[in-house]
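Student: Got a structure for you, written out below as structure tokens; questions coming shortly.
The values are calculated or read from the model by the stated rules, or taken from the named source; none is laboratory data. Note that this is a predicted model, so its numbers are computed, not measured. FYI the Cβ positions are ideal-geometry reconstructions off the backbone, even for glycines, and counts take in every protein chain you see. These accessible areas exclude ligands, DNA and RNA; they are computed on the full protein's heavy atoms, side chains included. Shrake-Rupley method; radii C 1.70, N 1.55, O 1.52, S 1.80 Å.
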Amino acid sequence: MPSSPPPPVIVLMDGDPLRRSALAETITGWYERDFQVLELGSGESAGLAGLAGDGARVALVAEVGEDTAGLARTAEAAKVPDAAGLVSLVPDGQTMAVADGGGPARAGFVEEDGLVTAHLRLVDNLLYDWWLNAPADLRKLFGSVDISGNIKAKGAFRIREFLTGSGVVFRWPKDSQGKDIEVTVTLTGKPPVKLTNPTLAQLAKALGLLNTSLKEWYDLVIVGGGPAGLSTAVYAGAEGLSTLVIEDDVPGGQAGTSSKIWNYLGFPGGVPGHTLATSALRQIKEFKVDWHPLAVAKALHVTTDHTALIPHEVELSDGKRIKAGAVVIATGMTWRRLDASTGAAALEGAGVYYHALMTDLDYIEGKEIAMVGGGNSVGQAAVHFAQKAKKVTLIVRSDLRNMSQYLVDTIERLKKAGKIEVLLKTEVKKCVPSKTNKNELESVKTGPTGSKPADRTLTTEWLYVLIGGVPNTKWLGKAVQLASNKTVLTGHHIPGGQQRPSTGTSVPGVYAVGDVQYAAPPRVGGAVGRGAACVAELFAYIKEQPYLFPTYAGKDKKDGKKGNG
């Protein structure tokens, strides 16, 4: 059997051997499962270069001292990869910061106390950034979760989807993917925690992802944690607004499950949707935004009686009501399903999937798979999966006119290479279960769009369906005005609303951003931009009604009113 690659290395450099030993002991205690901690004297570029020559893969270099520029020079001389993190540990008790000009991070610590949780957060961030750029063989070594059981068992896909979207690294070895109907999830802590067929709520609780300390009243409550909702949260948190994001699934929404987004600013090589989403999640938490996953908004209770200091309220499915000075609707779309006549519902999660997870890439290697849709989501997934699949067959009801040209061009190149086949004006007629296991997909019958019968059978155990969605606005009832297609009317689209903010709904203090917003183009970049614009527009409302916002209440008492605190 091939040997596993050696663990990556954290290098600690310090001229004081006693202090170096104490710091190394602390770092080893944090990361002993995943990293090897090696000690060197200060500025030993030769020692670092020797590690590289011996095949060690350096994830982080930490040096005790003030000279961050010197650390950068040492790393450069030793040819440490750009992806490795660099941090200066400065024993003077100063608040940790990042050096100007994009240089190494700088963490001040009190020598008598050593490294504490605040420094761990900085090191965690540096190691996470390294992990995002690490080669696949190293990425697979990391995981706080081990999974075993049949990958097509009921609920297995939802577990993978939730862990991937939540940024939790997991291992699901191929040799453990038998026909056992049970899925066992083991949290590899001390002691390990084993869960059999867990619900997502049980899994989230065990991982510490659930927020159990919600405030009663926030400046801003954002319903939906897709690109638009996360963008709104980042800008609101940066401005100091007390902010809550309510998400019924995982960060990133539909974009969070995109295999790779190629047209997002600043990522010329593309960026996986879950990477973008989990990075944004880390960012909002840095701004002290509360994140509440697996929570479903049941209703929006709006008010116009601001003289009595009555705020809007978001009601959750468990009956809890959260007060909000302002509410942002960012609930996006709900995936459309294949028609009931296709039999797809019985095979959902066992061959038929409504998300294309990047983590599925290893499972479909060398196999023929099928995808349904004609937009950017399916185009991005098809291009990504074609890297490892034997062939991807793309089933499109009409044509590719709704797909960005860069994806159309890429698909055309992959067609010529025999990696992708495109069936235009074609639809799924029947999802056929296996003869030996009727709970798993065996093949897909396709035919011309319309009432004509199937004329082709695709032998595949993997069918990914990304056919757009319907606005997730049913929970709103009549709280705000909706368009005929059930998206939320905003700005000048509201009858008589020419003076309203571009993201403002028919109710003052309630906004809508992202795909749920009427006439909004379905692109990630646009959703992020509208989230930023929403926060800018919100401050005009805060100025009018400061006493609805806990952060601002009481700052201006000229009218004699008391704030909420």
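Student: Output the number of residues of the stretch 152-176 satisfying the condition of being crowded, with 19+ Cβ neighbours inside 10 Å, aliphatic (A, V, I, L, M) and at pLDDT below 80.
Tutor: Residues meeting the conditions: 1.
Student: Next up: Val245 - would you say it is farther than 26 Å from Asp129 by Cβ, at pLDDT 85 or above, open to solvent by less than 20 Å² (accessible area, probe 1.4 Å) and not in a helix (DSSP H, G or I)?
Tutor: Working: farther than 26 Å from Asp129 by Cβ: no; at pLDDT 85 or above: yes; open to solvent by less than 20 Å² (accessible area, probe 1.4 Å): yes; not in a helix (DSSP H, G or I): yes.
The answer is no for Val245.
Student: Also: Out of (1) of a type outside the set (Gly, Ala, Ser); (2) more than 17 Å from the chain's Cα centre (by Cα); (3) at positive phi, the odd one out for Leu294 is which?
Tutor: (2)
Student: Let me ask something else. Give the residues of the stretch 211-231 that are open to solvent by 30 Å² or more (accessible area, probe 1.4 Å) and either farther than 18 Å from Phe287 by Cα or charged (D, E, K, R) (or both), sorted by residue number.
Tutor: Those that are open to solvent by 30 Å² or more (accessible area, probe 1.4 Å) and either farther than 18 Å from Phe287 by Cα or charged (D, E, K, R) (or both): Thr212, Lys215, Glu216.
Student: Follow-up. With respect to the numbered conditions (1) of a type outside the set (Ser, Thr, Tyr); (2) under 14 Å from Leu127 (Cα atoms); (3) modelled with pLDDT of 75 or more, which one is the sole condition not fulfilled by Asp82?
Tutor: For Asp82, the exception is condition (3).
Student: Scan the stretch 491-529 residue by residue and report those that are touching a helix residue (DSSP H, G or I) at 6+ places or on another chain (Cβ under 8 Å), surrounded by fewer than 24 Cβ atoms within 10 Å (Cβ to Cβ) and assigned to a helix (DSSP H, G or I).
Tutor: Within the stretch 491-529, Gly529 is the sole residue that qualifies.
Student: Further question: Does any residue of the stretch 304-316 turn out to be within 25 Å of the chain's Cα centre (by Cα) and open to solvent by 20 Å² or more (accessible area, probe 1.4 Å)?
Tutor: The first filter runs over the stretch 304-316 and keeps only residues within 25 Å of the chain's Cα centre (by Cα), leaving 314-316.
If we keep only those that are open to solvent by 20 Å² or more (accessible area, probe 1.4 Å) as well, we get 315.
Yes, the conditions are met somewhere in the stretch 304-316.
Student: Here's another thing I want to ask about it. For a quick check of your reading of the model, give me the residue pairs whose first member lies in the stretch 214-227 and is farther than 22 Å from Gly525 by Cα, whose second is part of a loop (DSSP other than H, G, I, E, B) and of a type in the set (Lys, Arg), with beta-carbon atoms closer than 9 Å and at least 6 apart or on different chains.
Tutor: Short answer, once both residue conditions are applied: Leu214/Lys320.
Student: Let me ask something else about it. Report yes if Lys179 is basic (Lys, Arg), open to solvent by 20 Å² or more (accessible area, probe 1.4 Å) and modelled with pLDDT under 75, otherwise no.
Tutor: Values: basic (Lys, Arg): yes; open to solvent by 20 Å² or more (accessible area, probe 1.4 Å): yes; modelled with pLDDT under 75: yes.
Yes: the conditions hold for Lys179.
Student: Filter the stretch 250-278 for residues that are modelled with pLDDT of 80 or more and under 10 Å from the mean Cα position of the chain (by Cα); which is most open to solvent (accessible area, probe 1.4 Å)?
Tutor: If we take residues in the stretch 250-278 being modelled with pLDDT of 80 or more and under 10 Å from the mean Cα position of the chain (by Cα), then Leu276 is most open to solvent (accessible area, probe 1.4 Å).
Student: Going residue by residue through the stretch 325-335, is there one that turns out to be touching a strand residue (DSSP E or B) at 6+ places or on another chain (Cβ under 7 Å), under 17 Å from Trp462 (Cβ atoms), open to solvent by less than 40 Å² (accessible area, probe 1.4 Å) and modelled with pLDDT of 90 or more?
Tutor: Scanning the stretch 325-335, I find no residue that is touching a strand residue (DSSP E or B) at 6+ places or on another chain (Cβ under 7 Å), under 17 Å from Trp462 (Cβ atoms), open to solvent by less than 40 Å² (accessible area, probe 1.4 Å) and modelled with pLDDT of 90 or more, so the answer is no.
Student: Test Lys425 against the criterion of being open to solvent by 60 Å² or more (accessible area, probe 1.4 Å), at pLDDT 95 or above and closer than 15 Å to Ile467 by Cα, and give yes or no.
Tutor: Numbers: open to solvent by 60 Å² or more (accessible area, probe 1.4 Å): yes; at pLDDT 95 or above: yes; closer than 15 Å to Ile467 by Cα: yes.
For Lys425, the condition - open to solvent by 60 Å² or more (accessible area, probe 1.4 Å), at pLDDT 95 or above and closer than 15 Å to Ile467 by Cα - is met.
Student: Here's a follow-up. Can you say whether Ala483 is small (Gly, Ala, Ser), without any contact (Cβ under 8 Å) to a residue 60 or more places away in the chain and open to solvent by less than 40 Å² (accessible area, probe 1.4 Å), as far as the supplied structure shows? Give the derivation first.
Tutor: Details: small (Gly, Ala, Ser): yes; without any contact (Cβ under 8 Å) to a residue 60 or more places away in the chain: yes; open to solvent by less than 40 Å² (accessible area, probe 1.4 Å): yes.
Considered against the rule, which asks whether it is small (Gly, Ala, Ser), without any contact (Cβ under 8 Å) to a residue 60 or more places away in the chain and open to solvent by less than 40 Å² (accessible area, probe 1.4 Å), Ala483 comes out as yes.
Student: If you don't mind, there's one more thing I want to ask. Output the number of residues of the stretch 456-476 satisfying the condition of being within 19 Å of Leu424 (Cβ to Cβ), at pLDDT below 95 and open to solvent by 40 Å² or more (accessible area, probe 1.4 Å). It would help to see each step written out before you state the result.
Tutor: From the stretch 456-476, those within 19 Å of Leu424 (Cβ to Cβ) are 456-458, 460, 463-468; that's our starting set.
Imposing the further condition that a residue be at pLDDT below 95 reduces the set to 466-468.
After this cut, where a residue has to be open to solvent by 40 Å² or more (accessible area, probe 1.4 Å) as well, the list is 467.
Here the count works out to 1.
Student: Could you tell me whether the stretch 301-318 includes any residue that is in contact with a Cys (Cβ under 6 Å, 6 or more places away or on another chain), at pLDDT 95 or above and farther than 24 Å from His274 by Cα?
Tutor: If we filter the stretch 301-318 for residues that are in contact with a Cys (Cβ under 6 Å, 6 or more places away or on another chain), which is where we start, we get none.
Among the residues of the stretch 301-318, not one is in contact with a Cys (Cβ under 6 Å, 6 or more places away or on another chain), at pLDDT 95 or above and farther than 24 Å from His274 by Cα, which makes the answer no.
Student: Okay, moving on. Test Glu368 against the criterion of being of a type in the set (D, E, K, R) and in contact with a Ser or Thr (Cβ under 8 Å, 6 or more places away or on another chain), and give yes or no. Break it down stepwise before answering.
Tutor: Numbers: of a type in the set (D, E, K, R): yes; in contact with a Ser or Thr (Cβ under 8 Å, 6 or more places away or on another chain): yes.
The answer is yes for Glu368.
Student: Something else: Could you check how many residues of the stretch 182-201 are out of contact with any strand residue (DSSP E or B) (no Cβ under 8 Å at 6 or more places or on another chain) and at pLDDT 75 or above? Give the derivation first.
Tutor: From the stretch 182-201, those out of contact with any strand residue (DSSP E or B) (no Cβ under 8 Å at 6 or more places or on another chain) are 189-191, 199-201; that's our starting set.
The next check asks that each one be at pLDDT 75 or above; those that pass are 191, 199-201.
The qualifying residues number 4.
Student: Any idea how many residues of the stretch 389-420 are closer than 16 Å to Ala370 by Cβ and open to solvent by 70 Å² or more (accessible area, probe 1.4 Å)?
Tutor: Result for the stretch 389-420: 3.
Student: Another question about this same structure. Tell me whether the stretch 329-338 contains one or more residues that are over 30 Å from Val535 (Cβ atoms) and touching a Gly at 6+ places or on another chain (Cβ under 9 Å). Quick ask: steps written out before the conclusion?
Tutor: Residues of the stretch 329-338 over 30 Å from Val535 (Cβ atoms): 336-338.
Subset that is touching a Gly at 6+ places or on another chain (Cβ under 9 Å): 336.
Yes, the conditions are met somewhere in the stretch 329-338.
Student: Let me ask another. Filter the stretch 284-300 down to the residues that are surrounded by 16 or more Cβ atoms within 10 Å (Cβ to Cβ) and not aliphatic (A, V, I, L, M), then identify the one that is modelled with the lowest pLDDT.
Tutor: Within the stretch 284-300, the first condition is being surrounded by 16 or more Cβ atoms within 10 Å (Cβ to Cβ), and the residues that meet it are 284, 287, 289-295, 297, 300.
Applying the additional criterion that residues be not aliphatic (A, V, I, L, M) yields 287, 290-293.
Details: Phe287: 91, Asp290: 94, Trp291: 91, His292: 90, Pro293: 87.
Applying the filter and picking the extreme gives Pro293.
Student: I'm told Leu60 meets every condition in (1) over 15 Å from Gly85 (Cα atoms); (2) at pLDDT 80 or above except one. Can you identify the failing condition by its number?
Tutor: (1)
Student: Can you name the strands (runs of 3 or more DSSP E) wholly within the stretch 318-424 that have at least 1 residues being in contact (Cβ under 8 Å) with a residue 60 or more places away in the chain and in contact with a Lys or Arg (Cβ under 6 Å, 6 or more places away or on another chain)? Walk me through it before giving the result.
Tutor: Details: elements: 321-329, 333-335, 368-372, 391-395, 420-423.
Of the strands (runs of 3 or more DSSP E) lying wholly inside the stretch 318-424, those with at least 1 residues that are in contact (Cβ under 8 Å) with a residue 60 or more places away in the chain and in contact with a Lys or Arg (Cβ under 6 Å, 6 or more places away or on another chain) span 368-372.
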